[in-house]
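Structure, as structure tokens:
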Amino acid sequence: TLFRSRSKERGNELFKHGRFGEAASEYTEAIEHAGSQGGDTPDELSILYSNRAACYLKEGNCGDCIQDCTSALELQPFSIKPLLRRALAYESMERYRQAYVDYKTVLQIDSGVQSANDSINRLTRTLLDQDGLNWREKLPPIPSVPVSFQSHQWAEKANRSRESQQSPEMINKKAEEMVLSLKQEGNEFVKKAQYKQAIEKYSACVKLNSEECSIYTNRALCYLKLCKFKEARQDCDNAIRLDASNVKAFYRRALACKGLQDYQASINDLNKVIQLDPNISEAKNELTEVTQSLKSTMNSPASSQEKQRKKIQIQEVNENEKEIGR
């Protein structure tokens, strides 16, 4: 039992650091040891299969993920994590009907799982397109979850609630760790120019900590790249509320105002940037360009706003990892 426990702990640590193949090997050792020595409860063995399934899912090995999730569910029926992981694997393999059934099963156990609710809405549209109006008739049977399992979930929620009330310091520490992890994931998506995915990560950060300035400026950058100028301006407003001398926030708000053709507001923010840091040449170049745009607007009929937006180039000040994640 000690060997299995240590293998599981090593697997957990490796997973946290993104070393999914090595983590899977540790879980495999623990599973094989349990098979040869016995002693583990079905719940403990189910967790090992579910953890290894998470590794397979991260590596894109959906077939083995589904197999491990099924093994986990045979040992611990109606467990939410293997159901969700199997659903994601099915969806990745475009086996949408099976994915739908697993998400529906999750919602019978706990209707508050937001990812399952979102996935059901998405898959409903997909299945309607794929199978037509009678798409429900082509679904595999959706299992009926016994009330005892639903009650078990509510009991676990109540226990977690009581624990959280008893240890607020632990909750804050976990929240801080989660924010840091999510922000790093968002930064990685920015490097790959995957701005929509980055926005999702930064938005999750905001839910956990709405008082960290860099989250808003990072998300504002993504909105700018996607030409969502109103959203970018709002994030910069929030950042400036938290830090009235934040150069990035003023600069990105200036770009957002430029995109919205609010040239005077853009000029005001660019002047503020130059006041805070006279060495930012990008701000001086933008100021010249925006000033010219304002004069052109005053002297000639305005062209289509959408056409103007397409011409806007988003130039960033030192858009490297340190800048994004600060």
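The values are calculated or read from the model by the stated rules, or taken from the named source; none is laboratory data. The structure displayed is predicted, hence computed values, not measured ones. Glycine also receives a Cβ, built like all others from the backbone with ideal geometry; neighbour counts cover every protein chain displayed. Keep in mind that these areas ignore ligands, DNA and RNA; they rest on the heavy atoms of the full protein, side chains included. Shrake-Rupley method; radii C 1.70, N 1.55, O 1.52, S 1.80 Å.
So here's what we get for this one:
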| item | result |
| --- | --- |
| Flag if R233 is of a type in the set (K, R), in contact with an Asp or Glu (Cβ under 7 Å, 6 or more places away or on another chain) and under 12 Å from A220 (Cβ atoms) | no |
| Any helices (runs of 4 or more DSSP H) falling wholly within the stretch 230-312 and containing at least 1 residues that are at pLDDT below 90 | 281-299, 305-311 |
| Complete set of residues in the stretch 218-246 that are open to solvent by less than 20 Å² (accessible area, probe 1.4 Å) and touching a Phe, Trp or Tyr at 6+ places or on another chain (Cβ under 6 Å) | N218, C222, A232, D235, A239 |
| Matching residues in the stretch 49-108 - criterion: being touching a Gly at 6+ places or on another chain (Cβ under 9 Å) and of a type in the set (D, E, K, R) | R52, K58, E59 |
| The one condition in (1) modelled with pLDDT of 95 or more; (2) within 25 Å of the chain's Cα centre (by Cα); (3) open to solvent by less than 40 Å² (accessible area, probe 1.4 Å) that R85 fails to fulfil | (3) |
| Any hit, the stretch 20-37, residues being part of a helix (DSSP H, G or I) and touching a residue at least 40 places away in the same chain (Cβ under 8 Å) | no |
| Search result, residues across the stretch 250-282 that are over 15 Å from K225 (Cα atoms) and buried (at least 24 other Cβ atoms within 10 Å of the Cβ) | F250, S266, D269, L270, V273 |
